[in-house]
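> Here it is, the structure, as structure tokens.
Derivation of every value follows stated rules applied to the coordinates shown; laboratory data play no part. Just so it is clear, the structure is predicted and the values come from calculations on it, not from any experiment. Here Cβ is always computed from backbone atoms with ideal geometry, including for glycine, and neighbour counts include all displayed protein chains.
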Amino acid sequence: MEDLKRKTDELKKRKNAVILAHNYQIEEVQLIADYLGDSLELSKIASRINNKMIVFAGVKFMAETAKILSPEKRVLLPRLDAGCPMADMITEDELIELKQEHKKAKVVTYVNSSVGIKAESDVCCTSANAVSVVKNIEADEVIFVPDRNLGTYVQKMVPEKRMILFEGYCYVHNKIKKEEIEEMRDIYPEAEFLVHPEARMEVINLSDKVFSTSGMLKYAKESNKKQFVIITEQGLIERLKRENPEKEFYPAKRPKICSNMKRTALIDIYDSLKKDQYEINIEESILKRAYNALNKMLKYI
Ligand code: SF4
């Protein structure tokens, strides 16, 4: 392992590349990364840095987002089979049909979506700013895709808008049950429960605070509390423990694992750098439209 790490580092320097890894990646990948974060944080970093090559250890829509924001750079996704089932739940034709059915509505799209879906949208949002984007968009009706759970949470926070939700969901967050939260409350009565808004409303309602992954990291670091139950993918818990060794972090009963996020291993990063694989290429007109939707998000937050 040490040898592979060293060889990966050498190759990275030789190719003037940077390794970005999502918070849900396995630990050996998190530890080789130059930057760790959530998808949008990483894409913003991608557009700021001078390196010509980016190896994105995450899932496909994240590497695409980095490419949309930095079209002049080479963006590599180490595993072709690292997709996001939620992003794949909606097709462009389905979104176009929804737009035709609700002509007055604006489309707000969660960044966990393909480049083609972003290109068909008015504006993108993240789990951290979805409430603010929907609240501030100039429309009474909003088509929200693809995550119905995040959409349901946003609808609760912004009751004045009529939201048309698509039936997509993240299988990792969607399977968390309210009974698990109740059981964990009995086991850790002092703990604070932090939940990601991709979870179902019944789970959100039983939690203390709703946060994106970056929000959870910030809150746990600054809070005086010592014990937390973290209701999201397991990878974040590893990072929280590493960065806050004096505090305790527990998953919601059993660890929640996104198998797509765990596909990338150190050897894949090494192969990616060695063979320049797998490069993300996006047709220019689609990239521009997707860029507009992403860029517009900044206006509403
Ligand atoms: S955790 Fe959920 S939203 Fe994230 S990549 Fe996995 S399936 Fe997609």
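> What is the extension gain from Glu138 to Glu182, computed as 0.36 nm multiplied by their sequence separation minus the C-alpha to C-alpha distance, in nm to one decimal?
Taking Glu138 through Glu182 to full extension adds about 11.9 nm, to one decimal.
> What span do the alpha-carbon atoms of segment 232-292 cover on each of the three principal axes, reported in whole Å from largest to smallest?
Rounded to whole Å, the extents work out to 48, 33, 21 Å.
> Right, here's the next one. Taking the highest mean first, how do the peptides 257-263, 94-100, 232-238 order by number of other beta carbon atoms within 10 angstrom per residue?
Values: 257-263: 18.1, 94-100: 14.6, 232-238: 22.3.
In decreasing order of mean packing, 257-263, 94-100, 232-238 become 232-238, 257-263, 94-100.
> Highest first, please rank the peptides 197-209, 42-54, 58-70 by the mean number of other Cβ atoms sitting within 10 Å of their residues.
So the order, starting with the most tightly packed, is 58-70, 197-209, 42-54.
> Please state the charge dipole magnitude for the chain, taken about the Cα centre, from unit charges on C-beta atoms (+1 on K and R, -1 on D and E), reported in debye and rounded to the nearest 20.
Dipole of the chain, to the nearest 20 debye: 780 debye.
> What FRET efficiency would be calculated for the residue pair Lys99, Asn281, taking the C-beta separation as r and a Förster radius of 35 Å, to the nearest 0.05?
That pair, Lys99 with Asn281, gives E of 0.85.
> Determine, at each q value in 0.13, 0.19 (inverse angstroms), the log₁₀ of I(q)/I(0) that the Debye formula gives when each Cα of segment 1-110 is one equal point scatterer.
Scattering profile of segment 1-110, log10 relative to I(0): -0.56, -0.97.
> Take the Cα radius of gyration of the chain and divide it by 2.2 N^0.38 Å, with N its residue count; two decimals is plenty.
The chain yields a ratio of 1.00.
> Counting pairwise Cα distances across segment 87-169, what percent come out greater than 15 angstrom? Walk me through the intermediate numbers first.
Working: 1607 of 3403 pairs.
Result for the distance tail: 47 percent.
> Shifting gears a bit: Using the Cα centre of segment 76-209 as the reference point, and only Cβ charges (+1 on K/R, -1 on D/E), how large is the resulting charge dipole? Debye, rounded to the nearest 20. Could you put the intermediate results ahead of the total?
Numbers: 17 positive and 25 negative charges, 70 e Å.
Around 340 debye, computed over segment 76-209.
> Return an integer: the convex hull volume of the alpha-carbon atoms of segment 172-251, in Å³ per residue. Before the final figure, lay out the partial values.
Working: hull volume 6.1 nm³, N = 80.
Cα-based convex hull of segment 172-251, divided per residue, equals 76 Å³.
> Oh, and also: What order, most packed first, do the peptides 175-184, 285-294 have when packing is the mean number of other Cβ atoms within 10 Å of each residue?
Put in order of decreasing packing, that is 285-294, 175-184.
> Given the chain, what percent of its DSSP beta bridges are antiparallel, to the nearest 5?
Percentage antiparallel, nearest 5: 5.
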